[in-house]
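These notes concern the structure reproduced below.
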Amino acid sequence: MEPGNPDFNYLPFKVHNNVVYLAGQLAKENGLVKNLGRVTEQISVLEAERQIKICAQHAFSWLEIAAKANNCNIHSILDLRVYVSCNKEFDGISKLADKASEFFIKKLGDNGSHPRSVLAVTRLPQNAPVMIDLRASIKL
């Protein structure tokens, strides 16, 4: 899945000392987040799960691009942050984050396992329901 270019003035990733610092990834399809709003208000949990998987796919695509540009391979996920736009009553943010974690473990095996933070917020860029960012290592 094509990750798409940033909409504003920032880099999609930066590599320093074999660490890829990845910008926040929204679940864009053909350049747009299709379903907007907060989870359980405008967005179902099922749709949020679908979108978090797209975020993870975009993130992995950028990691592949970063690795290739540096003549390296993706080695491991160092950490993951998951952001969920929701109201204070929603207690499923960790279950949503599991969908992203599962994606990276499936792709990289034990090297896909990672520490993570999960944050509930009132609004994300472009009114997206979910977003992830991460750091990963690359090596020859």
Selection over the range 115-140 where residues are under 13 Å from the mean Cα position of the chain (by Cα), over 14 Å from Gln25 (Cα atoms) and not aliphatic (A, V, I, L, M) yields a count of 2
Among the residues of the range 123-130, is there at least one that is at pLDDT 95 or above, aliphatic (A, V, I, L, M) and assigned to a strand (DSSP E or B)?
yes
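Kindly indicate which of Glu102, Glu89 is touching a helix residue (DSSP H, G or I) at 6+ places or on another chain (Cβ under 9 Å), among the acidic types (Asp, Glu) and surrounded by fewer than 18 Cβ atoms within 10 Å (Cβ to Cβ). Don't jump to the end; show me each part of the working.
Details: Glu89 fails: touching a helix residue (DSSP H, G or I) at 6+ places or on another chain (Cβ under 9 Å).
Unique residue meeting the criteria: Glu102.
Conditions tested, residue by residue: (1) basic (Lys, Arg); (2) under 16 Å from Pro125 (Cα atoms); (3) touching an Asp or Glu at 6+ places or on another chain (Cβ under 8 Å).
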position	(1), (2), (3)
Gln25	no, yes, yes
Ala67	no, no, no
Ser76	no, no, no
Val84	no, yes, no
Please go through the range 33-49 and give me each residue that is in contact with a Leu (Cβ under 9 Å, 6 or more places away or on another chain) and surrounded by fewer than 17 Cβ atoms within 10 Å (Cβ to Cβ), ordered by number.
Gln42, Val45
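In contact (Cβ under 8 Å) with a residue 12 or more places away in the chain, of a type outside the set (Val, Ile, Thr) and either in contact with a strand residue (DSSP E or B) (Cβ under 8 Å, 6 or more places away or on another chain) or more than 16 Å from Leu124 (Cβ to Cβ) (or both): does that describe Gly92?
On the way: in contact (Cβ under 8 Å) with a residue 12 or more places away in the chain: yes; of a type outside the set (Val, Ile, Thr): yes; either in contact with a strand residue (DSSP E or B) (Cβ under 8 Å, 6 or more places away or on another chain) or more than 16 Å from Leu124 (Cβ to Cβ) (or both): yes.
It is true that Gly92 is in contact (Cβ under 8 Å) with a residue 12 or more places away in the chain, of a type outside the set (Val, Ile, Thr) and either in contact with a strand residue (DSSP E or B) (Cβ under 8 Å, 6 or more places away or on another chain) or more than 16 Å from Leu124 (Cβ to Cβ) (or both).
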Restricting to the range 18-41, and then to whatever is of a type outside the set (A, V, I, L, M) and out of contact with any helix residue (DSSP H, G or I) (no Cβ under 9 Å at 6 or more places or on another chain), can you tell me which residue is nearest to Asn73 (Cα to Cα)?
Asn18
Contact list please: Cβ distance under 6 Å, first residue in the range 26-42 and within 13 Å of Cys55 (Cα to Cα), second residue assigned to a loop (DSSP other than H, G, I, E, B) and modelled with pLDDT under 95, pairs at least six apart or on different chains.
Lys28/Gly4; Gly31/Gly4
Taking the criterion of being loosely packed, with under 14 Cβ neighbours inside 10 Å and at pLDDT 95 or above, would at least one residue in the range 78-85 satisfy it?
yes
Checklist (1) over 10 Å from the mean Cα position of the chain (by Cα); (2) closer than 11 Å to Leu134 by Cα; (3) among the β-branched types (Val, Ile, Thr) applied to Val82, failing item:
(1)
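Name the residues in the range 108-123 that are in contact with a Phe, Trp or Tyr (Cβ under 6 Å, 6 or more places away or on another chain) and either farther than 28 Å from Arg38 by Cβ or in contact (Cβ under 8 Å) with a residue 40 or more places away in the chain (or both), would you?
First pass over the range 108-123, keeping only residues in contact with a Phe, Trp or Tyr (Cβ under 6 Å, 6 or more places away or on another chain): 112, 119, 121.
Scanning the range 108-123 gives a single hit, Gly112.
The values are calculated or read from the model by the stated rules, or taken from the named source; none is laboratory data. Values in this document were obtained by computation on a predicted structure and should not be read as measured data. We place every Cβ from the backbone using ideal geometry, glycine too, and count neighbours over all the protein chains shown.
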